[in-house]
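Asker: Can you keep this structure in mind? I'll have questions shortly.
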Amino acid sequence: MDHEFERMLPKDAASIAAGIRFHHKISTDLLAKSTSPIDFIQRLMAADCDSDAIRFLAQAMPIRESIWWGLLCVWRVFGPTPEEKEVWAIQAAVNWVTDPSETRRRAASSAAHAVGNNTAPGCLTNAVFWSGGSIGKVGMPTVQAPETSAAKAVGGAILLAAAKVKKAPKCREFRREFILLGLEVARGKNLWNTPTSTKEASVNEHSAPHAEEEVVAST
């Protein structure tokens, strides 16, 4: 594993996969043969187990980078003709990634309810809300989200985005493209730009569309 992946994916593959329910039976067999997280991802891709590779990579990365990867993928599909609620949800996730404050984490929860918890943008904003801190109401006793829930929501968002493309071959192409985007992020490339105090990040400037275009151009 090169040093970029060692920095971003420090755990062994088995530890990362412990909380994942794989879709393909062969994925468990491939896990036993893998020597590192990136080796496992490569084996999954070679076996056309792209959906499991997405689930695994979402779990492997730190949650901030994982959510950013989800943003790149979701905007790839929703960006051309987004609805107002989708833009709101995506923007809420971008806002948190560039400035992961408690206020922005809770704002993401409101956006998730507005756009729908079972949509790709809704899954992303739920991932933000579940990324750390209490998920209970303000002023109430602390309630922690399950440890793997945020990463699972990212994986769900990416798979829902790919599934939005109705034709099966194109859906597979999107999943494969999304994995390549994730590997770029795992190498520390094509990350977000942190906004200054006078200029917020937006989906039109320092956000998923801009970074995603750079990744696709380089692959």
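Any read-out appearing in this document is the output of simple, stated calculations on the displayed coordinates, not a laboratory observation. From a predicted model like this one, the values you see are computed outputs, not experimental measurements. Cβ placement follows ideal geometry from the backbone for every residue including glycine, while neighbour counts extend to all protein chains displayed.
Asker: Please report how far the C-alpha centroid of the range 6-81 lies from that of the range 111-172, rounded to the nearest whole angstrom.
Answerer: Result: 16 Å between the Cα centres.
Asker: Which order do THR98, THR119, THR142 fall in if you start with the one that has the fewest other Cβ atoms within 10 Å?
Answerer: THR142, THR98, THR119
Asker: Further question: Please report PHE78, PHE56 as a ranked list, fewest other C-beta atoms within 10 angstrom at the top and most at the bottom.
Answerer: Ranked by crowding around the Cβ, least crowded first: PHE78, PHE56.
Asker: On to the next question. State, to one decimal in nm, how far the label point of GLU83 lies from the label point of LYS170, with both points 7 Å from Cα in the Cβ direction.
Answerer: Output for this residue pair reads 1.9 nm.
Asker: Using Cβ counts within 10 Å as a stand-in for footprinting exposure, how do TRP96, TRP69 rank, fewest first?
Answerer: Ordered from fewest to most neighbouring Cβ atoms within 10 Å, TRP96, TRP69 come out as TRP96, TRP69.
Asker: List the GluC sites (Glu not before Pro) within the range 44-148 that DSSP assigns to loop and that have no more than 16 neighbouring Cβ atoms inside 10 Å.
Answerer: For GluC sites (Glu not before Pro) across the range 44-148 that sit outside H, G, I, E and B with at most 16 neighbouring Cβ atoms in 10 Å, the list reads GLU83, GLU147.
Asker: If you don't mind, another one. Within the set LYS33/LYS189; LYS85/LYS189; LYS11/LYS33; LYS25/LYS152; LYS85/LYS164; LYS33/LYS164, which residue pairs have Cα atoms separated by over 25 Å?
Answerer: LYS33/LYS189; LYS85/LYS189; LYS33/LYS164
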